[in-house]
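Visitor: Sharing a structure with you now.
The values are calculated or read from the model by the stated rules, or taken from the named source; none is laboratory data. The model shown is predicted, which means the values in this text are computed figures rather than measured ones. When we count neighbours, we look across all protein chains shown, and the Cβ atoms used for this are built from the backbone with ideal geometry, even at glycine.
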């Protein structure tokens, strides 16, 4: 382990020990929180501290109402729901894209809801990676695995050896990626760079603008996976010139397990034929003429593939009511305040743990990686003490104080229980192996 980091952590703990955060501080922060009432719109697990919203966000009354509305339309309208429902089902993905556009900094036509995140990676990489522009695709070694699975599959389908075609930027510390290393990996051999906006283990927020500019300077396209940032971190994809992006809606946007995913395509790429073409991506005006020739929609809507499952899309329609009422900038402000508070408590009360998440607000997403050699067993012990977190190998307890429904006293209580587990070595009663999901 890096000695300078140990020294820095020790200095921070010493400095903060003079005025450590207290439960009274947490209650005061909750009292003055302008978003405190948002939690009343969610179904909170009874008796639990839910800190896993970066894997699956909680169900809201708004999401349930939207789903109930869609079910009622199915009951009363049946097939006529595609044109007569309010909102009509035929343009459901495009309309949700319009609502999401402000969260990612795009025009409505540049965003659509459809498919799954992995399918969207398949179709966007397959469409936009052109070996004539550059044979290599730049990724990093801390990516979420599905990104690599999909990219490698598209390369194999194109008759390429993924081991030759992928240029993997290695982490220096096993936690974070240096943007300078990504920039250094870009040359004339690179056609595409594809990175996450937030690293799923450590919570590091990547500088999308810097990477995009560097990619374009090298003649490459820039794509991003926003799964761990959309709904908690505002983005400005169009202004940055990002070429394409994908994300899910079941994490911070609280749209439910298996909710339809989203994607962004910069308007300069409109009209291209998707690698995975399907009839729902056909131009809407002539879609039901059933032509044998595929005419892609002149928008991101072209990247829809099959008929959208309305009952999986509807909860997002309701969930976005909550996000819009709060405002993405206010959600980001509260998220940073919650993670700041959490980091301060870890420093002050958990001397055996380290924070693996960047401390600078500009480099931090919405969750905190608390590191300990016994992270898996600690996460299991927390769950038995009604704290829902997840574990990521080799040594990370991910704690996510979602700004939608988590308060500052919730964070204080979680750290209090974690401190008790460590003090009593209660984690030693648990098995030593296991892993989390999503």
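Visitor: In region 161-186, how many are part of a loop (DSSP other than H, G, I, E, B) and free of Cβ contacts under 8 Å to residues at least 40 places away in the same chain?
Guide: Qualifying residue count, region 161-186: 7.
Visitor: Looking at this structure, is residue 129 surrounded by fewer than 23 Cβ atoms within 10 Å (Cβ to Cβ), touching a strand residue (DSSP E or B) at 6+ places or on another chain (Cβ under 7 Å) and at pLDDT 95 or above?
Guide: no
Visitor: Does region 308-323 include one or more residues that are under 21 Å from the mean Cα position of the chain (by Cα), in contact (Cβ under 8 Å) with a residue 60 or more places away in the chain, surrounded by fewer than 19 Cβ atoms within 10 Å (Cβ to Cβ) and assigned by TED's automatic domain parsing to the domain that holds residue 424?
Guide: No, there is no match, as no residue in region 308-323 is under 21 Å from the mean Cα position of the chain (by Cα), in contact (Cβ under 8 Å) with a residue 60 or more places away in the chain, surrounded by fewer than 19 Cβ atoms within 10 Å (Cβ to Cβ) and assigned by TED's automatic domain parsing to the domain that holds residue 424.
Visitor: Limited to region 200-214, what total is found for residues that are under 21 Å from residue 125 (Cβ atoms) and in contact (Cβ under 8 Å) with a residue 60 or more places away in the chain?
Guide: 1
Visitor: Pull up region 287-307, narrow it to residues that are assigned to a loop (DSSP other than H, G, I, E, B) and crowded, with 22+ Cβ neighbours inside 10 Å, then point me to the one that is nearest to the chain's Cα centre (by Cα).
Guide: Looking at the filtered set, the residue picked out is 304.
Visitor: Assess whether residue 121 counts as being assigned by TED's automatic domain parsing to the domain that holds residue 301, under 20 Å from residue 189 (Cβ atoms) and not in a loop (DSSP other than H, G, I, E, B).
Guide: no
Visitor: Please specify each residue of region 347-367 satisfying the condition of being in a helix (DSSP H, G or I) and either surrounded by fewer than 23 Cβ atoms within 10 Å (Cβ to Cβ) or at positive phi (or both).
Guide: 348, 349, 361, 362, 363
Visitor: Could you grab me the full set of residues in region 91-104 that are touching a helix residue (DSSP H, G or I) at 6+ places or on another chain (Cβ under 6 Å) and surrounded by fewer than 19 Cβ atoms within 10 Å (Cβ to Cβ)?
Guide: 98, 99, listed by residue number.
Visitor: To continue, here is another question. Among the residues of region 378-407, what is the count of those that are under 23 Å from residue 59 (Cβ atoms) and either not in a loop (DSSP other than H, G, I, E, B) or not assigned by TED's automatic domain parsing to the domain that holds residue 50 (or both)?
Guide: Counting residues in region 378-407 that are under 23 Å from residue 59 (Cβ atoms) and either not in a loop (DSSP other than H, G, I, E, B) or not assigned by TED's automatic domain parsing to the domain that holds residue 50 (or both) gives 9.
Visitor: So for region 242-257 (the condition being touching a residue at least 24 places away in the same chain (Cβ under 8 Å), more than 29 Å from residue 404 (Cβ to Cβ) and out of contact with any strand residue (DSSP E or B) (no Cβ under 7 Å at 6 or more places or on another chain)), does at least one residue qualify?
Guide: no
Visitor: If you don't mind, another one. Looking at the structure I just gave you, is residue 93 closer than 29 Å to residue 270 by Cα and not in a strand (DSSP E or B)?
Guide: Considered against the rule, which asks whether it is closer than 29 Å to residue 270 by Cα and not in a strand (DSSP E or B), residue 93 comes out as yes.
Visitor: Grab the strands (runs of 3 or more DSSP E) fully contained in region 212-267, keeping just those with 1 or more residues being more than 18 Å from residue 331 (Cβ to Cβ), more than 17 Å from the chain's Cα centre (by Cα) and in the same structural domain as residue 92 (by TED's automatic domain parsing).
Guide: Because the criterion is at least 1 residues that are more than 18 Å from residue 331 (Cβ to Cβ), more than 17 Å from the chain's Cα centre (by Cα) and in the same structural domain as residue 92 (by TED's automatic domain parsing), the strands (runs of 3 or more DSSP E) in region 212-267 that meet it are 221-225, 262-265.
Visitor: Only one of 101, 153 is within 22 Å of residue 221 (Cα to Cα), assigned by TED's automatic domain parsing to the domain that holds residue 297 and free of Cβ contacts under 8 Å to residues at least 12 places away in the same chain; which?
Guide: Residue meeting the stated conditions: 101.
Visitor: In this structure, is residue 191 closer than 30 Å to residue 282 by Cα and at pLDDT 95 or above?
Guide: Spelling it out, residue 191 is indeed closer than 30 Å to residue 282 by Cα and at pLDDT 95 or above.
Visitor: Does region 132-150 hold any residues that are buried (at least 16 other Cβ atoms within 10 Å of the Cβ) and free of Cβ contacts under 8 Å to residues at least 24 places away in the same chain, and which are they?
Guide: 148
Visitor: Here is a further query. Take region 26-76 and flag every residue that is free of Cβ contacts under 8 Å to residues at least 40 places away in the same chain and under 26 Å from residue 369 (Cα atoms).
Guide: The answer is 28, 43, 46.
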